[in-house]
Amino acid sequence: MRAIVIHAAKDLRVEEREVEALGPGQVRLRLATGGVCGSDLHYYNHGGFGPVRLKEPMILGHEVSAYVEEPGTSGFAKGQLVAVSPSRPCGGCKFCLEGLPNQCLEMRFYGSAMRDPHVEGAFRQLLVCNAVQCETVAPGVPLTLAALAEPFSVGLHAVSRAGSLLGKRVLV
């Protein structure tokens with residue numbers, strides 16, 4: 001399958017990569033569309049951001065929508081459109097075991113060079129992910145909006161934490 005791979009600043013390539021095996025609790029997806037995040041731009045323009053630097057080639061991307069290609073035993077149907085959460089909690093740290101996977105101490109994110117080895121991203125024809133990372137998209141929702149589910153949820157969370165913003169000025 002083809003994937004978009006960053007090798008270094010200004011060195012972006014379309015390459016052939018192996019298709020991952022489907023494991024228990026996983027689903028195989030065919031990429032529908034993806035959004036380019038600021039972190040993707042930093043990898044392309046600067047080879048990283050802050051202290052995070054590319055140490056090896058890495059597939060970019062984490063804001064995506066996709067069609068279910070192979071549902072496994074997940075309960076999804078082939079051809080179903082899903083939004084994909086880019087976060088992959090470890091499942092074994094104290095927060096994961098307490099039912100708070102969003103606070104995972106060993107969280108891994110698609111398309112991230114924060115860990116070594118890097119976590120491959122979602123800008124590829126076929127992506128295998130955990131079924132719990134997929135959220136069914138309502139009929140009629142455009143592919144592009146489905147790909148923005150993750151950054152939109154970040155904004156919604158920030159607003160809910162800030163309290164009422166009615167009549168206030170905010171910096172975005």
Within the stretch 107-140, residues being of a type outside the set (A, V, I, L, M) and out of contact with any Lys or Arg (no Cβ under 9 Å at 6 or more places or on another chain) number 9
Taking the stretch 38-53 on its own, how many of its residues are part of a loop (DSSP other than H, G, I, E, B) and either polar (S, T, N, Q) or open to solvent by 30 Å² or more (accessible area, probe 1.4 Å) (or both)? 2
How many of the residues in the stretch 3-33 are assigned to a strand (DSSP E or B), open to solvent by 40 Å² or more (accessible area, probe 1.4 Å) and in contact with a helix residue (DSSP H, G or I) (Cβ under 8 Å, 6 or more places away or on another chain)? 1
Does V64 satisfy the condition of being within 25 Å of I4 (Cβ to Cβ), in contact with a Cys (Cβ under 9 Å, 6 or more places away or on another chain) and either outside any strand (DSSP E or B) or touching a residue at least 60 places away in the same chain (Cβ under 8 Å) (or both)? no
In the stretch 4-17, is there at least one residue being farther than 23 Å from P151 by Cβ and under 17 Å from the mean Cα position of the chain (by Cα)? no
Kindly list the number of the only condition in (1) closer than 25 Å to E20 by Cβ; (2) assigned to a loop (DSSP other than H, G, I, E, B); (3) over 12 Å from the mean Cα position of the chain (by Cα); (4) not aliphatic (A, V, I, L, M) that fails for G121. (3)
Applying the selection to the stretch 67-78, what residues are part of a strand (DSSP E or B) and in contact (Cβ under 8 Å) with a residue 40 or more places away in the chain? V68, E69, E70
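The values are calculated or read from the model by the stated rules, or taken from the named source; none is laboratory data. Just so it is clear, the model here is predicted, and its values are computed rather than measured. Because the Cβ atoms are built from the backbone with ideal geometry, glycine has one as well, and the counts that use them run over all protein chains shown. Quick note on the areas: whole protein, heavy atoms, side chains included, nothing else; ligands and nucleic acids left out. Shrake-Rupley method; radii C 1.70, N 1.55, O 1.52, S 1.80 Å.
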